[in-house]
1. Measure out, as a whole number of angstrom, how far apart the alpha-carbon centroids of the stretch 54-69 and the stretch 200-234 sit.
2. Can you list the lysines whose alpha carbon sits under 19 Å from that of K129, skipping same-chain ones fewer than 8 residues off?
3. So which trypsin sites (Lys or Arg not before Pro) in the stretch 172-240 end up in coil per DSSP with only 13 or fewer other C-beta atoms within 10 Å?
4. Would you please give the FRET efficiency between E64 and S93, computed as 1/(1 + (r/R0)^6) with r the Cβ-Cβ distance and R0 = 35 Å, to the nearest 0.05?
5. Could you identify which residue out of T189, T108, T69 has the top mean-square fluctuation in a GNM of the chain using Cα springs shorter than 10 Å?
6. Can you check how the C-alpha radius of gyration of the stretch 26-154 compares to 2.2 N^0.38 Å, as a plain ratio?
7. Arrange D132, D98 by Cβ neighbour counts within 10 Å, fewest through most, would you?
8. Count neighbours as other Cβ atoms within 10 Å of each site's Cβ, and list the GluC sites (Glu not before Pro) in the stretch 6-75 that are DSSP loop with at most 10 such neighbours.
Amino acid sequence: MTEILEVKGLTKRFEGLVALNNVSLTVSRGEILGLIGPNGAGKTTLFNCITGFYPPDSGEVIFEGEDITNLVPHAVAKKGIARTFQVVRAFHSMSVLDSVTTGALCRTKDVREARQIAMEILEFTGLIKKRDIPAHSLTIVDRKRLGLASALATKPKLLLLDEAVAGLNPAEIDEIIGLLKRIRESGVTLFVVEHVMRFIMSIADRIIVLHHGEKIAEGKPKEIAEDERVIEAYLGERYA
């Protein structure tokens, strides 16, 4: 698999606090890469630097061979990177269909075309029957689906997911696992932050671990589960 994303020596500070310290990683086209670590490890900061929400203090973000380090978020989205957030950012007064249509307008200025794209994505994500209800009235699992649908409407090549199954029960987690596998099969590469170990260990091809802003481990799920540094910093002896 060829690399779709390369992060080189990324460092980000906030008033003297080092949130990311010389982090380097690659994401291969077509894989599901997991990112784990304790709260405050720098996971969301990394996503924010990749997607243009934060400018890094040093380092580079290379997407499909192009340096996108200093691009603003909407320009990053147009290049083909989309993301979801820990708290789903829907336009709560809008219907589900209108919320996803807004995402599709990243790719076309034709509202009818954007709406058609949105309808197809709502069918794909299992939200088509709820297209006319207000986004704020959705259940937690359907809000997660809406976040995915809105991101997919931008037609990404790489999708960054920030805690895609937080707050869900086991059956709902299994539903999202199935959906993410279908998204990967459709040709989208996934980079996933998650604390739910059952989820990340079952879905990721490879996992990277951050701790205090530094990468401390990288490998296949079984290797990560048995890594003494990861057990001590994050998983704990009970998980091991």
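1. That distance is 24 Å.
2. K144
3. none
4. That pair, E64 with S93, gives E of 0.45.
5. Judging by the Gaussian network model, the answer is T108.
6. Cα Rg divided by the expected 2.2 N^0.38 Å: 1.13.
7. Numbers: D132 9, D98 17.
By the 10 Å Cβ count, ascending, the order reads D132, D98.
8. Sparse-neighbourhood loop GluC sites (Glu not before Pro): E15.
We did not get these values from a lab; they are worked out from the coordinates using the rules stated. Since the structure is predicted, the reported quantities are computational estimates derived from the model, not experimental observations. Every residue, glycine among them, receives a Cβ derived from its backbone with ideal geometry; neighbour counts consider all protein chains shown.
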